[in-house]
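What follows is a short report on a single structure.
The values are calculated or read from the model by the stated rules, or taken from the named source; none is laboratory data. Not measured: the values here are computed from a predicted model. With ideal geometry, Cβ positions are generated from the backbone for all residues, glycine too; neighbour counts draw on all protein chains shown.
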Amino acid sequence: MQKKILAALFLLLSINIQCQEVLKLSFSQIVDTPDQAVGAEILKRVYKSIQIPVSFMLLSGERALIQSSGGFSDGEVHRIWKVGEVYPNLLRVPTPINYIEPSVFSIKTYQIKSCEDLRHLRIGIVRGVKHAEICTKGFKKLKILKHSLELIRVLNEREVDVIITARFNGIIQVNKLGYQKVQALNPPLSKRPLYHYVHKKHGELIPRINAAIIKMRNSGEMIRIRKEAMEKLSNLAAKY
């Protein structure tokens with residue numbers, strides 16, 4: 001009888017400890033990608049407001065999606081809308097937290113108004129960066145790289161004619177590397193909102209996360225955090 005009582009007490013204690021465990025989340029973040037760093041700063045504030053500690057795993061674009069869709073990380077910092085359609089394990093938080101302007105960078109001047117105008121050129125993109133993969137789908141003259149810094153380098157060395165990356169990312173990386181001949185072409189190819197994604201195992205958190213995002217957006221806090229993070233990254237790049 002005494003053994004049964006002790007076993008029951010031990011079980012209750014174990015359940016109580018589990019209930020008191022703090023939920024901690026870790027999200028995939030694409031390495032060497034300034035826009036993702038900005039998104040991470042926004043998410044830190046979002047999750048702080050709902051009292052959930054977060055951290056970030058720095059990975060290549062493709063590896064980030066493998067980790068998040070497989071449940072090895074708890075989701076993605078942010079991605080374009082299409083990611084939620086391609087990766088069913090990743091659930092989109094409905095309110096965007098950031099945006100990008102996919103752009104063409106080159107050394108020569110080209111008249112580019114759409115992705116189709118790039119078909120005849122040698123193009124560099126980063127594997128796993130979905131807006132660039134969608135833009136160049138079916139193109140033959142592609143050089144696919146692992147990281148965005150490599151992307152800028154192959155353009156500077158004229159291994160490709162143009163590269164596609166988010167405008168802010170490209171400008172920061174060009175300044176960081178000191179490649180004065182590399183330029184962003186105008187206008188950008190598009191403007192795309194970016195959405196935070198969580199793995200489906202955390203789907204019940206989405207209403208809380210979304211409410212926090214809406215509150216930050218409506219108060220102007222999200223714009224302020226984005227501006228501060230972008231200025232910080234720009235200042236750091238200027239020091240190289």
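Observations
Residue-by-condition table, conditions (1) among the β-branched types (Val, Ile, Thr); (2) over 17 Å from ILE97 (Cβ atoms); (3) in the same structural domain as VAL77 (by TED's automatic domain parsing):
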| site | (1), (2), (3) |
| --- | --- |
| LYS141 | no, yes, no |
| GLU150 | no, yes, no |
| GLU157 | no, yes, no |
| ILE163 | yes, yes, no |
| LYS200 | no, yes, yes |
| GLY220 | no, no, yes |
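- Selection of segment 66-92 for residues being basic (Lys, Arg) and in contact with a strand residue (DSSP E or B) (Cβ under 8 Å, 6 or more places away or on another chain) yields ARG79, ARG92.
- Flag if HIS78 is in a strand (DSSP E or B) and either within 22 Å of ALA212 (Cα to Cα) or not charged (D, E, K, R) (or both): yes
- Leading residue by the ranking (surrounded by the most Cβ atoms within 10 Å (Cβ to Cβ)) among those in segment 49-69 that are over 22 Å from LYS146 (Cα atoms) and out of contact with any helix residue (DSSP H, G or I) (no Cβ under 9 Å at 6 or more places or on another chain): SER55
- Screening segment 95-109 for residues that are assigned to a strand (DSSP E or B) and under 13 Å from the mean Cα position of the chain (by Cα) and picking the one that is farthest from ILE163 (Cα to Cα) gives ASN98.
- Inter-residue pairs, beta-carbon under 7 Å, first more than 13 Å from GLY39 (Cα to Cα) and in segment 223-240, second outside any helix (DSSP H, G or I), 6+ apart: TYR240/GLY178
- For PHE72, the conditions (1) over 19 Å from ARG127 (Cβ atoms); (2) of a type in the set (Phe, Trp, Tyr); (3) in a loop (DSSP other than H, G, I, E, B) are fulfilled apart from (1).
- Total residues in segment 22-39 satisfying the condition of being surrounded by fewer than 21 Cβ atoms within 10 Å (Cβ to Cβ) and closer than 21 Å to PRO94 by Cα: the figure is 2.
- Number of positions in segment 70-94 that are surrounded by 18 or more Cβ atoms within 10 Å (Cβ to Cβ) and over 14 Å from the mean Cα position of the chain (by Cα): 2
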